[in-house]
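Working notes for the structure below.
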Amino acid sequence: MITKITHIGIAVGSLEERLAFWAQALGMELAGIESVASEKVKVAMLPAGSSRIELLEPISEDSAVAKHLAKRGEGIHHLAFEVADIEQAVERLERMGVAPVGEAPRAGAEGKRVAFLHPRDTGGVLVELVEGETAGGRDETEITAGSVVLLYLRDPQEKLWGLLHRLDPSGVVIEGIDLASFDDWISQVEKDEESVVGPSVLFLPMARIEKVMLDRPSGNIPSLAERFERRTGRKVAEVLNRGE
Ligand code: CO
């Protein structure tokens, strides 16, 4: 049933503060930041081989991680195991008298389906089950310098699109443009007009980052980079990347 440990979730008061240890001192790679609405947490992902460490900072007082912090302080919050078929796994557990907590399965990080088992049923360990990749599907969720990304910000809310220059504990450096200006920018490049709107190199502090996502096609909808390239006939990479 279990195929691997996918991640170890660690509750932290502040991602920025704890990334100073995990990413900077220990030297783990920071491969993504994501807010998970269902758990009310902001997650920093640090790969370690085929598993990873997930640092969890609550984004709401009533999140389970906020309660964990209040009661037990920072530290290991849960262990997550990959299963091939989550419905089957939940069914089996229910037959064995172990009922998952809350709605199961539900949407977790990266849109994967997850279920949680209560520590009282497991001897003190909060266990998460995560449905694995579909057969043959490679995990292409890795975000690195040079990735074209969407950046969701808060306080105030904003969405940016652009080329990721750097993702580190202090925040994100992106050569990007506000999504609201994206189409104006395309028209401008298309007509070869003088630039009125355009991408610039920006630093966004960790506290403002809600989520960093790869700019990817979804079903029939092309990615924004594809939209740009189709309309202008130019490559995103030749238009951007002036910053470094
Ligand atoms: Co988890």
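The values are calculated or read from the model by the stated rules, or taken from the named source; none is laboratory data. Bear in mind the structure is a predicted one, so any value in this text is a computation, not a measurement. Positions of Cβ are generated from backbone atoms using ideal geometry, with glycine treated the same way; all protein chains shown enter the neighbour counts. SASA here: full protein model, heavy atoms, side chains in, ligands and nucleic acids out. Shrake-Rupley method; radii C 1.70, N 1.55, O 1.52, S 1.80 Å.
Given +1 on the Cβ of Lys and Arg, -1 on the Cβ of Asp and Glu, and no further charges, what dipole in debye does the chain carry about its Cα centre, rounded to the nearest 20?
My answer is approximately 500 debye.
Starting from the 7 Å offset along Cα-to-Cβ, what nm value, one decimal, do you get for the label separation of Ala84 and Asn220?
3.4 nm
Comparing Leu160, Leu150, Leu93, which has the greatest mean-square fluctuation in the GNM of the chain with Cα pairs linked when under 10 Å apart?
Taking springs between Cα atoms under 10 Å, the residue moving most is Leu93.
Using the heavy atoms of the protein chains alone and a 1.4 angstrom probe, what is the accessible area of the range 143-228 per residue in square angstrom?
Ligands and nucleic acids excluded, the result is 48 Å² per residue.
Ignoring ligands, DNA and RNA, what accessible area per residue does the range 75-135 give at 1.4 Å, in Å²?
Heavy-atom accessible area per residue stands at 53 Å².
Taking 7 Å along the Cα-to-C-beta vector as the label spot, tell me the Arg72-Ala99 distance in nanometres, rounded to one decimal.
Reported label-point gap for Arg72 and Ala99 is 2.2 nm.
If I stretch the segment between Thr3 and Ala20 completely, what's the gain in nm (0.36 nm per residue apart, minus their alpha carbon distance), one decimal?
3.0 nm
State the answer as a single residue: which of Ile209, Phe228, Ala20 lies farthest towards the positive end of the charge dipole of the chain, with beta carbon charges of +1 for Lys and Arg and -1 for Asp and Glu, about the Cα centre.
Value: Ala20.
Ala107 to Asp183: extension gain in nm, 0.36 nm per residue of separation minus the Cα-Cα distance?
Contour length minus Cα-Cα distance gives 24.2 nm.
Which whole-number percent gives the relative contact order of the range 112-244, counting Cα pairs below 8 Å spaced six or more residues apart?
Across the range 112-244, relative contact order equals 20 percent.
Need one number for the range 1-136: average projected area of the convex hull over its C-alpha atoms, nm².
Seen from a random direction, the Cα hull of the range 1-136 projects 8.3 nm² on average.
Working out 0.36 nm times the residue gap between Met213 and Lys159, then minus their Cα-Cα distance, what length gain in nm do you get to one decimal?
So the chain would gain 18.3 nm between Met213 and Lys159.
Using Cα pairs under 8 angstrom and six or more residues apart, how large is the relative contact order of the chain, in percent?
Relative contact order, the chain: 17 percent.
Relative to the Cα centre, what is the charge dipole magnitude of the range 72-122, using +1 at the beta carbon of each Lys and Arg, -1 at the beta carbon of each Asp and Glu, and rounding to the nearest 20 debye?
Value, rounded to 20: 140 debye.
State the percentage of accessible surface on the chain attributable to carbon and sulfur atoms; use a 1.4 Å probe and exclude ligands, DNA and RNA.
Carbon and sulfur atoms account for 50 percent of the accessible area of the chain.
From the Cα gyration tensor of the range 170-244, with a ≥ b ≥ c the square roots of its eigenvalues, which class applies: rounded if a/c is under 1.5, or else prolate if a/b is larger than b/c, or else oblate?
Oblate, because a/c is 1.5 or more while a/b does not exceed b/c.
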